[in-house]
Amino acid sequence: MKIVVLTGAGISAESGISTFRDNNGLWEQHRIEDVATPEAFQRNPKLVHTFYNARREQLDNQAIAPNAAHLALVELEKVLGDDFLLITQNVDDLHQRAGSKNLLAMHGSLRESLCSYCKHKGLVKSPLSTDTVCPACTKKGGMRPNIVWFNEMPYYLEEIYAALASCDIFISIGTSGNVYPAAGFVAIANEAKAHTIELNLEPSNQNSNFAEHHQGPATKLVPQWVEAFMRDRMQLKH
Ligand code: NAD
């Protein structure tokens with residue numbers, strides 16, 4: 001039984017990290033066009049750095065921690081091993097901190113930097129600025145967060161499409177279904193005859209493409225679904 005799970009900002013909402021669709025298309029009071037495109041970075045790198053440094057700083061706040069939904073997915077992975085793949089659009093590190101291993105962060109990570117010149121990726125140890133020097137090519141001014149911005153190509157697409165084409169169950173959690181290509185994953189899973197499930201606070205834009213959907217907070221729905229899955233699996237074994 002192969003399961004592919006896709007998560008979005010909604011799974012981290014109850015950990016205290018804002019989504020943006022719930023805030024009228026604003027992410028922490030900023031328009032996407034101002035902070036999450038390559039053009040925004042060219043136009044105003046200082047603003048973009050300030051925005052992502054603040055998001056990263058928020059992750060270091062003691063109050064921010066993985067919630068029951070992140071942890072339930074770790075339990076599922078423990079049972080399924082390599083038959084489980086978690087794809088996240090999130091750039092926070094809550095899945096990693098929860099202990100997920102088979103994880104593809106398709107939109108990058110707040111914890112990493114990317115040099116625009118030499119493409120070197122590294123861990124961010126102090127806030128990034130236009131003065132940050134690339135440790136690999138030593139050029140200044142090109143360091144950016146390793147975040148896949150709008151109009152950029154997400155990571156791991158080949159692996160993701162291969163996993164979707166061979167999965168038995170595809171579950172989408174806490175994502176509005178607006179951001180492509182992730183919004184199109186359910187269609188690929190349907191083509192592969194997988195059973196498709198949406199767990200979201202409200203019906204997403206892709207809601208009608210799922211065979212099964214449940215509405216409610218991720219901290220309730222995800223542990224519930226995982227528990228039911230484990231129970232059915234145990235019964236099948238006996
Ligand atoms: P989104 O903000 O567009 O949509 C969030 C979805 O989650 C909504 O449909 C909402 O109804 C649902 N939701 C809200 N609270 C929930 C809860 N408690 N339980 C279950 N569902 C809940 O998010 P998206 O679809 O992931 O797209 C946003 C893009 O912005 C992504 O590419 C992501 O990289 C980025 N982003 C990331 C973070 C993060 O890393 N935590 C936060 C904001 C934005």
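Where a number appears in this text, it was derived from the coordinates with a stated rule and is not lab data. It should be emphasised that the depicted structure is a prediction, and the values quoted were computed from it without experimental measurement. We place every Cβ from the backbone using ideal geometry, glycine too, and count neighbours over all the protein chains shown.
A few remarks follow.
- Hz values of 3J(HN,Hα) by residue in segment 36-41 - Karplus curve (6.51, -1.76, 1.60), Gly and Pro given as x: 10, 9, x, 5, 4, 5
- Converting the Cα gyration tensor eigenvalues of segment 106-238 into ellipsoid dimensions via √(5λ) gives semi-axes, longest first, of 37, 16, 15 Å.
- By the Cβ distance rule (another cysteine Cβ under 4.7 Å), the unpaired cysteines of the chain are Cys167.
- Residues Ser166, Ser12, Ser109, arranged from fewest to most other Cβ atoms within 10 angstrom of their Cβ, appear as Ser166, Ser109, Ser12.
- Projecting the Cα positions of Pro223, Thr88, Thr132 onto the charge dipole of the chain (unit charges on Cβ atoms of Lys, Arg, Asp and Glu, taken about the Cα centre) puts Thr132 furthest along the positive direction.
- Across segment 157-238, C-alpha contacts under 8 Å between residues 6 or more apart give a mean separation that, scaled by the residue count, equals a relative contact order of 25 percent.
- Between segment 170-238 and segment 84-140, the Cα center-to-center distance that results, in Å: 27
- The value of relative contact order for the chain, using C-alpha pairs under 8 Å at least six residues apart, is 22 percent.
- Label-point separation, Lys139 to Gln62 (7 Å along Cα→Cβ), nm: 4.3
- Dividing the convex hull volume of the alpha carbon atoms of the chain by its residue count gives 121 Å³ per residue.
- Pairs exceeding a 21 Å alpha-carbon distance, out of Lys78/Lys101; Lys193/Lys237; Lys78/Lys193: Lys193/Lys237; Lys78/Lys193.
- Placing unit charges on each Cβ (+1 for Lys and Arg, -1 for Asp and Glu) gives segment 22-121 a dipole about its Cα centre, and among Gln42, Ala63, Tyr52 the Cα reaching farthest toward its positive end belongs to Gln42.
- Cα centre as origin, Lys/Arg/Asp/Glu Cβ charges: segment 65-166 dipole, Debye: 560
- Using distinct alpha-carbon pairs, which all enter the 1/r mean, Kirkwood radius of segment 13-85 in Å: 14.6
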